[in-house]
Number of protein chains: 2
Amino acid sequence: MTASPSAPQRGFPPAEYAARTTRAQGIMRDHAFDALVLTTPHNIRYFTGFDSQFWESPTRPWFVVVPAAGEPVAVIPEIGAPQMALTWLSDIRSWPAPRPADDGTSLLVGALGDLPRRFGRVGFELGREQSLRMPVTQFLDLRQRLPGLALDDGGACIWAIRMVKTEAEIDRIRHICGIASDAYDRVPDLVGAGMTDREAARALRIELARLGADATPFLPAVSGPGGVPQIVCGPGDRVLEPGDILFFDTGSTFDGYFCDFDRNYAIGAPGDAVRRAHEAMWRATEAGIAAAHPGATTDDLHRAMSAVIEQAGSIGNSVGRLGHGLGMQLTEPPSHMPGDGTVLEAGMVITIEPGMEYAPGRMIVHEENIVIRPGGAELLTRRAPRDLPVL
Amino acid sequence: MTASPSAPQRGFPPAEYAARTTRAQGIMRDHAFDALVLTTPHNIRYFTGFDSQFWESPTRPWFVVVPAAGEPVAVIPEIGAPQMALTWLSDIRSWPAPRPADDGTSLLVGALGDLPRRFGRVGFELGREQSLRMPVTQFLDLRQRLPGLALDDGGACIWAIRMVKTEAEIDRIRHICGIASDAYDRVPDLVGAGMTDREAARALRIELARLGADATPFLPAVSGPGGVPQIVCGPGDRVLEPGDILFFDTGSTFDGYFCDFDRNYAIGAPGDAVRRAHEAMWRATEAGIAAAHPGATTDDLHRAMSAVIEQAGSIGNSVGRLGHGLGMQLTEPPSHMPGDGTVLEAGMVITIEPGMEYAPGRMIVHEENIVIRPGGAELLTRRAPRDLPVL
């Protein structure tokens with residue numbers, strides 16, 4: 001029940017956080033911010049290492065201020081202070097939360113008021129693919145109370161910081177990709193006709209935990225005759241029967257980092273249409289992997305995969321893109337789609353995720369996870385079998 | 001591996017959602033709103049039944065508009081439309097997301113512009129214990145584009161709607177409380193000295209899944225000699241030894257509803273101080289349960305538990321409250337604390353959660369889940385044993 005001996009050691013040394021912070025401060029200068037204020041679990045953990053499942057409770061706001069120079073400052077509820085004190089941070093300010101009349105606002109006004117001002121701008125999580133984890137009313141009140149300071153959208157700056165991963169981050173993503181690859185390989189032993197989608201998902205969930213996944217926040221399981229109608233909801237209580245396709249996807253985590261890749265299985269011998277669609281997506285994945293190298297754009301990735309998908313007779317794709325970044329979150333920028341325009345750099349971790357509707361109501365999506373290296377893609381997942389596995 | 005035959009049937013009939021909506025519309029009138037706009041998984045699921053693990057991806061905003069009369073309207077990314085069409089909603093509007101230049105804003109402006117106006121106010125998730133699940137920049141842009149309409153804080157209105165549960169909701173909370181009670185009872189067979197906190201948590205996680213929990217988003221496990229230093233982080237890699245206290249807490253789910261309760265275990269025979277503290281928290285829980293009846297306030301609950309806790313020699317409690325609401329989220333309003341002032345009503349589901357620091361760095365917290373009935377509390381969890389269980 002323990003993780004394999006090759007598992008990376010958990011947690012990062014203070015030097016990792018210091019290096020992240022220094023690099024981030026350079027990017028903050030480019031974006032003209034005197035500080036970033038972070039409220040969400042992933043961004044706070046990125047800079048501090050602080051981890052807690054307590055984020056599941058929406059009651060108390062938490063704040064970490066990353067100044068233009070020096071260490072981050074935590075402004076957090078008292079309940080979290082003992083554990084935050086175990087991180088590399090030394091400046092931890094707390095209040096007895098919940099305190100509806102002033103849940104950290106005054107402390108945060110004080111912390112931001114103390115900062116040296118060069119640009120007069122502080123970045124918050126206000127932009128695309130981000131949600132502010134504090135009441136918007138509290139944020140608007142904070143703006144009123146800091147009239148000399150512009151509280152602006154720090155989203156693009158934050159994503160520029162997190163999009164390129166360190167080797168230590170990549171090690172963790174590779175490890176959870178390995179665990180999920182092992183779990184998918186075990187599916188033929190765990191799942192078969194007569195089970196429901198829900199029972200199949202439960203068997204895979206238990207196997208992921210047994211093999212060393214810390215948590216499995218994302219595990220859709222969908223089945224349908226000859227293909228699946230959608231890929232983001234479920235499992236439901238449909239019973240698997242011969243002729244079905246079973247689709248699994250998982251975002252499981254190890255030490256705070258996600259994998260995100262899917263697999264398709266046939267219940268009994270698959271028909272010709274689905275075999276052809278599977279083969280086409282396998283080839284589209286190859287094309288995506290081959291196109292993924294520093295200097296290429298996300299538009300290029302989309303084009304390389306689309307060429308194969310169109311030729312295979314796609315009648316549509318409601319996913320809206322053919323892959324994305326991943327790391328501390330299941331999906332992160334960039335998006336492989338026309339107009340995204342992100343230039344790939346070494347150290348970016350992305351999914352390669354071609355998909356299509358190959359008949360009305362029948363979708364197929366493949367997915368692998370890669371890291372961009374100077375010479376091209378390094379595969380982090382164990383490549384899906386070219387022939388659709390039969391259960 | 002399947003849930004017990006007594007498990008409630010999953011999903012709710014359209015009549016449940018229609019009744020929720022009609023009741024909500026009455027509360028919306030009291031709060032002077034022409035509509036609510038919902039962006040978060042729990043609020044959207046509450047009104048539609050739509051469920052997806054895809055919420056784990058922060059890329060695309062979703063919206064559900066609850067008008068003053070009639071059915072809710074979904075304004076959602078195309079990828080979610082086939083599954084939303086299976087809910088009781090008939091008006092579903094979608095766009096090919098992600099589309100950075102206009103991720104649903106125009107569609108939402110159209111939907112809100114069509115609404116009959118009586119108050120000129122629309123409620124958004126802007127207030128306490130809520131985070132808006134859309135970029136704040138997009139919300140501020142929406143405000144600009146709807147100059148005749150006040151987009152105000154709908155938080156208090158939304159919590160007034162969700163705080164009192166239907167019998168069908170209570171059935172699901174009772175069921176997951178039963179599953180977790182069974183899993184806690186199995187801990188002596190699964191956990192013992194020599195294991196790490198992480199291994200102990202993994203064993204409990206697997207047992208919860210085996211017994212029928214859908215997911216376990218919250219499972220801290222903390223140990224320490226004679227007591228635990230905090231209760232919201234972990235598990236770590238500390239090895240359990242005789243003389244330790246092991247603290248487990250879990251928020252697991254069934255059909256979208258949470259349990260939230262903890263249990264304490266001694267590794268080997270416990271010392272006198274911890275035995276006394278355990279006994280005191282057991283009695284404080286009894287006092288909290290006895291005080292929980294319609295018409296009492298959350299302040300009353302706090303007072304009843306505090307009397308026992310103070311007498312037991314508490315030196316502090318960083319949790320900041322002695323319990324809270326629960327339901328579709330691990331924690332929901334109200335908070336049992338001075339000044340909260342919520343009057344308990346039949347149908348509210350709450351935790352009773354007394355805790356204290358009984359020696360420096362040594363906390364103990366007990367927790368049970370109850371529903372308020374006309375005659376007093378109905379216990380949803382299997383009551384913790386009065387004597388600290390020994391592993």
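The values are calculated or read from the model by the stated rules, or taken from the named source; none is laboratory data. Bear in mind the structure is a predicted one, so any value in this text is a computation, not a measurement. For neighbour counting, all protein chains shown are included, and Cβ atoms are generated from backbone atoms with ideal geometry for every residue, glycine included.
Worth pointing out:
- Taken as a whole, the condition of being under 19 Å from B:Ile170 (Cα atoms) and either assigned by TED's automatic domain parsing to the domain that holds B:Ile176 or assigned to a loop (DSSP other than H, G, I, E, B) (or both) applies to B:Glu345.
- Taken over the stretch B:183-195, the residue count meeting the criterion of being under 15 Å from B:Asp260 (Cβ atoms) and within 10 Å of chain A (Cβ to nearest Cβ) is 0.
- Considering A:Pro354, A:Pro389, A:Pro360, A:Pro385, the condition of being assigned by TED's automatic domain parsing to the domain that holds A:Ile179 and surrounded by fewer than 21 Cβ atoms within 10 Å (Cβ to Cβ) is satisfied by A:Pro360 alone.
- One residue stands out among those in the stretch B:1-58 that are at positive phi and of a type outside the set (A, V, I, L, M, F, W, C): the one that is surrounded by the fewest Cβ atoms within 10 Å (Cβ to Cβ), which is B:Gly11.
- In summary, B:Thr297 fulfils each of the numbered conditions (1) under 25 Å from the mean Cα position of the chain (by Cα); (2) of a type in the set (Val, Ile, Thr); (3) within 14 Å of chain A (Cβ to nearest Cβ) with the single exception of condition (3).
- Taking the stretch B:172-281 as the region of interest, the strands (runs of 3 or more DSSP E) fully inside it that hold 1 or more residues being surrounded by 19 or more Cβ atoms within 10 Å (Cβ to Cβ), at pLDDT below 95 and of a type in the set (A, V, I, L, M) are B:215-218.
- Unique residue being over 18 Å from A:Ala160 (Cα atoms) and among the acidic types (Asp, Glu) when the list is A:Glu332, A:Glu378, A:Glu345: A:Glu378
- When A:Pro82, A:Pro147, A:Pro116, A:Pro100 are screened for being more than 11 Å from every other protein chain (Cβ to nearest Cβ), surrounded by fewer than 21 Cβ atoms within 10 Å (Cβ to Cβ) and without any contact (Cβ under 8 Å) to a residue 24 or more places away in the chain, only A:Pro147 passes.
- Unique match (being of a type in the set (Asp, Glu), more than 14 Å from chain A (Cβ to nearest Cβ) and touching a Lys or Arg at 6+ places or on another chain (Cβ under 8 Å)) among B:Asp51, B:Asp30, B:Asp34: B:Asp34
- Total residues in the stretch B:287-296, condition closer than 26 Å to B:Phe218 by Cα, outside any loop (DSSP other than H, G, I, E, B) and touching a helix residue (DSSP H, G or I) at 6+ places or on another chain (Cβ under 8 Å): 1
- Scanning the stretch A:196-232 for residues that are out of contact with any Leu (no Cβ under 8 Å at 6 or more places or on another chain), free of Cβ contacts under 8 Å to residues at least 40 places away in the same chain, closer than 22 Å to B:Phe50 by Cβ and facing another protein chain (nearest Cβ under 8 Å) returns A:Arg202, A:Pro220, A:Val232.
- Of B:Gly155, B:Gly110, all but one fail to be surrounded by fewer than 16 Cβ atoms within 10 Å (Cβ to Cβ) and modelled with pLDDT of 95 or more; the exception is B:Gly110.
- Residues considered: A:Leu126, A:Leu89. Of these, the only one that is in contact (Cβ under 8 Å) with a residue 24 or more places away in the chain, facing chain B (nearest Cβ under 9 Å) and touching a helix residue (DSSP H, G or I) at 6+ places or on another chain (Cβ under 8 Å) is A:Leu126.
- Checking the stated criteria, B:Trp55 turns out to be within 30 Å of A:Ile206 (Cα to Cα) and under 24 Å from the mean Cα position of the chain (by Cα).
- Matching residues, the stretch A:313-342, being at the interface with chain B (Cβ under 10 Å from one of its Cβ atoms), in a loop (DSSP other than H, G, I, E, B) and either more than 19 Å from A:Phe258 (Cα to Cα) or among the charged types (D, E, K, R) (or both): A:Gly316, A:Asn317, A:Ser318, A:Val319, A:Gly320, A:Arg321, A:Met337, A:Gly339, A:Asp340
- Here B:Ile315 meets each of (1) under 25 Å from B:Glu199 (Cα atoms); (2) surrounded by fewer than 22 Cβ atoms within 10 Å (Cβ to Cβ); (3) touching an Asp or Glu at 6+ places or on another chain (Cβ under 8 Å) with one exception, condition (1).
- Conditions (1) out of contact with any His (no Cβ under 8 Å at 6 or more places or on another chain); (2) within 14 Å of chain A (Cβ to nearest Cβ); (3) free of Cβ contacts under 8 Å to residues at least 40 places away in the same chain; (4) not aliphatic (A, V, I, L, M); number of the one not met by B:Glu310: (2)
- Across the stretch B:233-271, the qualifying residues are those that are among the charged types (D, E, K, R) and within 14 Å of chain A (Cβ to nearest Cβ), and the one among them that is farthest from B:Pro220 (Cα to Cα) is B:Asp255.
- Test: residue in the stretch A:121-133 that is more than 21 Å from A:Phe47 (Cβ to Cβ), at pLDDT 95 or above and of a type in the set (A, V, I, L, M): no
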